[in-house]
Ligand SMILES: [Fe+2]
């Protein structure tokens with residue numbers, strides 16, 4: 001109803017607005033006390049001597065494209081930031097959407113660190129991170145997550161991982177967000193921008209929107225992330241030269257869209273940017289205990305998905321990884337001296353058939369020749385202790401990786417093991433068969449759960465790797481209650497899963513947590529001001545989205561003012577509490593610089609926009 005009223009008001013003015021508004025609750029809103037670091041802090045890709053740290057500034061008003069904003073950063077061994085061990089200065093600009101990324105070097109292995117940023121004399125939140133061990137390592141614990149759709153529910157899995165405070169880092173296996181047009185969200189959780197995201201501005205805006213979720217901001221603050229993208233960071237069922245959810249022409253070129261998706265990913269995610277700024281496959285070592293190989297089965301080299309009956313499926317040259325990535329992986333595995341070789345990737349590696357027919361050719365089943373080549377490489381070179389971690393399908397599976405002569409009773413003939421991790425929130429893909437039927441037809445699948453949401457805790461020591469499946473009580477209300485779904489382990493020297501009778505646990509306390517924002521403080525208690533978040537894209541060609549936060553619901557005026565100070569439009573606007581997104585169609589404006597002014601009873605904000 002409110003939106004209809006607004007639309008009417010704006011139409012009467014002759015202006016052409018398009019709306020996207022959310023009545024956010026406190027879990028997903030903007031916290032003015034974090035200014036200008038509203039999106040918090042993050043860290044990622046921990047090595048034994050270096051970790052990426054990340055933040056984003058939201059300046060009061062957009063800057064010129066080449067204008068640099070200078071920040072300071074520091075790293076300490078104590079949460080009070082007294083024992084500073086590294087400091088530096090860096091800068092950012094609108095060219096990278098005001099995101100900031102520093103690869104902090106010279107750190108000690110297996111050590112907890114705290115870090116923050118400052119800009120204009122204001123400090124960010126303090127983040128926490130832990131470096132990897134250098135040589136000897138008794139044990140490591142990761143939380144593994146994937147598929148976090150903001151609209152489908154609360155990020156309770158993230159909140160639970162923060163609360164349990166017993167893992168060293170978080171692995172996100174992709175579908176960090178979804179590219180779709182906004183639709184009916186749980187509890188009013190609507191994606192922004194409301195359109196399907198296609199342009200660089202769209203992708204940036206959606207990262208911004210997700211990162212204002214309190215649970216996502218908190219988990220990034222407390223743990224280093226090791227991430228890969230899946231398809232939805234670009235578009236559904238993406239492959240090298242296209243995607244199911246991309247229409248060439250009407251949605252522009254895939255080349256451009258893919259480049260935009262990648263650029264925003266590198267800007268917003270705490271991932272180390274390697275020699276090539278377009279690839280994400282990489283190795284992260286945790287001493288002699290494990291090598292973690294993070295793969296890109298989507299954009300790097302994947303050939304198009306085929307129907308299950310297509311004879312080309314079995315073409316020996318068919319690839320999901322691409323030649324360069326496959327050769328890199330094969331070489332790394334062949335040279336590995338680590339106790340465990342752990343692959344973090346997107347789509348299920350174990351076969352999945354019903355009545356002899358492959359169920360999902362988007363998975364490794366659609367690329368069988370390359371899977372066979374990899375299995376042969378592992379066995380021919382006696383590569384031991386292979387563990388595959390998989391996301392993508394929003395359900396939980398515990399699999400052996402069967403090869404020639406596989407015996408499900410003894411595990412003989414298995415190449416390694418696979419943990420498929422359910423989604424944080426994304427809805428479960430319909431399989432069409434109960435778990436019992438799936439395991440009967442696919443005896444290498446030891447267990448599956450086809451509905452629950454949550455995460456996996458992977459506990460690794462020299463003797464065994466154990467994966468514990470933890471499930472959220474629900475995702476429709478905010479809750480940190482979880483329950484244990486199941487638990488499987490693989491012994492060193494074996495290649496098959498065993499059901500465990502006990503849950504894994506950490507045998508020593510974790511680092512002290514970094515102090516978090518008190519979520520019980522209501523935004524309206526802090527101030528009554530409007531806060532600009534941004535305007536995307538700026539400069540713009542046809543349409544610009546103005547993003548701001550209002551402490552309270554109420555009437556505001558939106559004015560469009562020329563560079564000469566001439567008032568071009570005045571719009572009466574009923575704004576909602578929380579984040580607001582005002583889309584303005586500026587097709588009728590001439591090229592040039594304008595001011596957008598918004599005014600409520602307490603404050604008056606100006607933002608400069610540029611029409612190309
Ligand atoms: Fe997904």
Notebook entry, point to check: Exactly one of (1) closer than 22 Å to residue 60 by Cα; (2) surrounded by 13 or more Cβ atoms within 10 Å (Cβ to Cβ); (3) in contact with a strand residue (DSSP E or B) (Cβ under 9 Å, 6 or more places away or on another chain) is unmet by residue 89. Its number?
Noted result: (2)
Check: Exactly one of (1) touching a helix residue (DSSP H, G or I) at 6+ places or on another chain (Cβ under 9 Å); (2) part of a loop (DSSP other than H, G, I, E, B) is unmet by residue 60. Its number?
Finding: (1)
Next item on the list: Counting only residues that are within 24 Å of residue 255 (Cα to Cα) and in the same structural domain as residue 255 (by TED's automatic domain parsing), give me the strands (runs of 3 or more DSSP E) lying completely in segment 275-372 with at least 1 of them.
Entry: 282-286, 290-294
Checklist line | Odd one out for residue 244, checked against (1) at pLDDT 95 or above; (2) more than 16 Å from the ligand (Cβ to nearest atom) | finding: (2)
Checklist line | Pairs, first within 11 Å of residue 232 (Cα to Cα) and modelled with pLDDT of 95 or more in segment 144-155, second assigned to a loop (DSSP other than H, G, I, E, B) and away from the ligand (no atom under 12 Å from the Cβ), C-beta under 7 Å, six or more apart | finding: 148/155
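Matching residues to (1) buried (at least 22 other Cβ atoms within 10 Å of the Cβ); (2) out of contact with any strand residue (DSSP E or B) (no Cβ under 7 Å at 6 or more places or on another chain):
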| position | (1), (2) |
| --- | --- |
| 372 | no, yes |
| 426 | yes, yes |
| 449 | no, no |
| 456 | yes, no |
| 460 | yes, no |
| 472 | yes, no |
Checklist line | Total residues in segment 187-201, condition buried (at least 22 other Cβ atoms within 10 Å of the Cβ) and out of contact with any strand residue (DSSP E or B) (no Cβ under 8 Å at 6 or more places or on another chain) | finding: 3
Margin query: Among the listed residues 210, 158, 203, identify the single one that is within 30 Å of residue 538 (Cα to Cα), within 16 Å of the ligand (Cβ to nearest atom) and in a helix (DSSP H, G or I).
Written below: 210
Next item on the list: Check whether at least one residue in segment 385-398 is at pLDDT 95 or above, more than 16 Å from the ligand (Cβ to nearest atom) and in a loop (DSSP other than H, G, I, E, B), and report yes or no.
Entry: yes
Item checked: Count - residues of segment 170-190 that are in contact with a helix residue (DSSP H, G or I) (Cβ under 7 Å, 6 or more places away or on another chain) and within 14 Å of the ligand (Cβ to nearest atom) -> 1
Margin query: Restricting to segment 399-429, name every residue that is part of a loop (DSSP other than H, G, I, E, B) and over 20 Å from residue 145 (Cα atoms).
Written below: 403, 404, 405, 406, 407, 408, 409, 410, 411, 412, 413
Next item on the list: Name the one entry in 184, 137 that is farther than 23 Å from residue 473 by Cα, outside the structural domain of residue 75 (by TED's automatic domain parsing), over 20 Å from the mean Cα position of the chain (by Cα) and surrounded by fewer than 24 Cβ atoms within 10 Å (Cβ to Cβ).
Entry: 137
Item checked: Yes/no for residue 167 being more than 14 Å from the ligand (Cβ to nearest atom) and not in a loop (DSSP other than H, G, I, E, B) -> no
Next item on the list: Would you mind finding the one in 571, 544, 598 that is over 24 Å from residue 191 (Cα atoms), touching a residue at least 60 places away in the same chain (Cβ under 8 Å) and not in a loop (DSSP other than H, G, I, E, B)?
Entry: 571
Margin query: Consider segment 79-104. How many of its residues are under 24 Å from residue 269 (Cβ atoms), in contact (Cβ under 8 Å) with a residue 24 or more places away in the chain and not in a loop (DSSP other than H, G, I, E, B)?
Written below: 10
Next item on the list: Could you check how many residues of segment 142-155 are assigned to a loop (DSSP other than H, G, I, E, B) and more than 16 Å from the ligand (Cβ to nearest atom)?
Entry: 1
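The values are calculated or read from the model by the stated rules, or taken from the named source; none is laboratory data. What you see is a predicted model, and the numbers here were worked out from it, not measured in a lab. Counting neighbours? That spans all protein chains shown, and the Cβs are built from the backbone with ideal geometry, glycine included.
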